[in-house]
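The values are calculated or read from the model by the stated rules, or taken from the named source; none is laboratory data. Just so you know, these numbers come straight off a predicted model, no measurement behind them. Note that each Cβ is placed from the backbone with ideal geometry, even for glycine, and that neighbours are counted across all protein chains shown.
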Amino acid sequence: EFEAGISKNGQTREHALLAYTLGVKQLIVGVNKMDSTEPPYSKARFEEITKEVSGYIKKVGYNPKSVAFVPISGWHGDNMLETSTNMDWFKGWSIERKEGNASGKTLFEALDSILPPTRPTDKPLRLPLQDVYKIGGIGTVPVGRVETGILKPGMVVTFSPASISTEVKSVEMHHEALSEALPGDNVGFNVKNISVKDIKRGMVAGDSKNDPPKQANHFTAQVIVLNHPGQIHAGYAPVLDCHTAHIACKFEELKEKIDRRSGKK
């Protein structure tokens with residue numbers, strides 16, 4: 001299974017590249033099914049996999065010294081919560097990073113060593129709409145996740161690209177009223193004097209008084225090609241998925257190509 005995952009189009013490769021591309025900075029490698037190696041719980045097999053995955057994630061952009069490699073068996077529970085007696089050869093994982101080094105023996109400890117990301121509450125509000133509902137006795141309720149900033153009742157928000165502004169009457173999460181919603185919160189909020197037909201999935205809500213989102217007809221993007229059967233050139237017209245928006249676009253001009261392994265243009 002490992003060989004299939006690490007092969008040219010394998011999922012191990014794709015997931016590592018996707019994680020890095022999407023901005024995931026911290027990584028843990030759990031080497032699973034150690035009970036199924038030949039012989040079971042083989043140190044040599046673990047070291048072989050660690051070496052190969054280290055080499056690949058380094059090419060992707062991760063520093064292997066900051067990544068915990070843990071030999072585990074999910075089926076039997078080895079090294080999941082408690083140290084396994086089946087792998088006495090494993091002396092534990094250790095990682096080096098500028099925020100402080102960490103070490104441990106189990107997957108649970110590795111998960112515990114992850115540094116929680118800071119919530120971007122100081123940035124202007126951005127809330128991509130996932131859906132818009134009409135609820136009897138309440139009115140129009142857009143639903144979405146706060147990406148940046150803070151959403152509060154009484155705020156005036158602007159929906160882009162519709163350029164419609166309105167006051168937020170109330171904010172709810174899991175049927176509980178909130179005095180404020182922070183990044184990461186999935187919320188529904190009731191808005192005044194707007195029909196369900198006026199706003200839709202893919203639009204973005206922002207604070208009317210603090211850098212509200214604006215429509216853009218052009219933008220410059222850095223695109224990482226994971227896999228593509230044809231050629232990408234000026235005039236290429238793919239569908240763009242951005243947060244909850246799903247829209248056709250056209251590549252106007254290719255400005256430069258960068259070799260990701262060498263960083264050279």
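The table that follows gives values for the structure above.
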| item | result |
| --- | --- |
| Residue within the stretch 86-97 that is part of a helix (DSSP H, G or I) and modelled with pLDDT of 95 or more present | yes |
| Every pair of residues 6+ apart whose Cβ atoms lie under 8 Å, when the first sits in the stretch 10-27 and is closer than 21 Å to ILE95 by Cβ and not assigned by TED's automatic domain parsing to the domain that holds VAL67 while the second is β-branched (Val, Ile, Thr) and surrounded by 15 or more Cβ atoms within 10 Å (Cβ to Cβ) | none |
| THR118, sole failed condition from (1) under 30 Å from GLU180 (Cα atoms); (2) over 20 Å from the mean Cα position of the chain (by Cα) | (2) |
| Matching entry among LYS98, LYS91, LYS65 (being more than 28 Å from the chain's Cα centre (by Cα) and either over 13 Å from PHE46 (Cβ atoms) or among the basic types (Lys, Arg) (or both)) | LYS91 |
| Answer residue from the stretch 218-233, given it is free of Cβ contacts under 8 Å to residues at least 24 places away in the same chain and not aliphatic (A, V, I, L, M) and is nearest to ALA248 (Cα to Cα) among those | PHE219 |
| Residue match in the stretch 195-206 (condition: loosely packed, with under 14 Cβ neighbours inside 10 Å and assigned to a strand (DSSP E or B)) | no |
| Residue among LEU107, LEU151, LEU178 that alone is surrounded by 14 or more Cβ atoms within 10 Å (Cβ to Cβ) and in the same structural domain as ASP78 (by TED's automatic domain parsing) | LEU107 |
| Condition check for ALA102: at pLDDT 95 or above, among the hydrophobic types (A, V, I, L, M, F, W, C) and surrounded by fewer than 19 Cβ atoms within 10 Å (Cβ to Cβ) | yes |
| Subset tally (residues that are in contact with a helix residue (DSSP H, G or I) (Cβ under 7 Å, 6 or more places away or on another chain), part of a helix (DSSP H, G or I) and over 23 Å from GLU109 (Cα atoms)) for the stretch 10-57 | 5 |
| Failed criterion for GLN130 (all others in (1) more than 30 Å from GLU147 (Cβ to Cβ); (2) among the polar types (S, T, N, Q); (3) part of a strand (DSSP E or B) hold) | (1) |
| Test: residue in the stretch 198-217 that is closer than 30 Å to GLY235 by Cβ, under 26 Å from the mean Cα position of the chain (by Cα) and free of Cβ contacts under 8 Å to residues at least 12 places away in the same chain | yes |
| Matching residues in the stretch 75-99 - criterion: being surrounded by 14 or more Cβ atoms within 10 Å (Cβ to Cβ) and at negative phi | HIS76, ASP78, MET80, THR83, SER84, ASN86, MET87, PHE90, TRP93, ILE95, ARG97 |
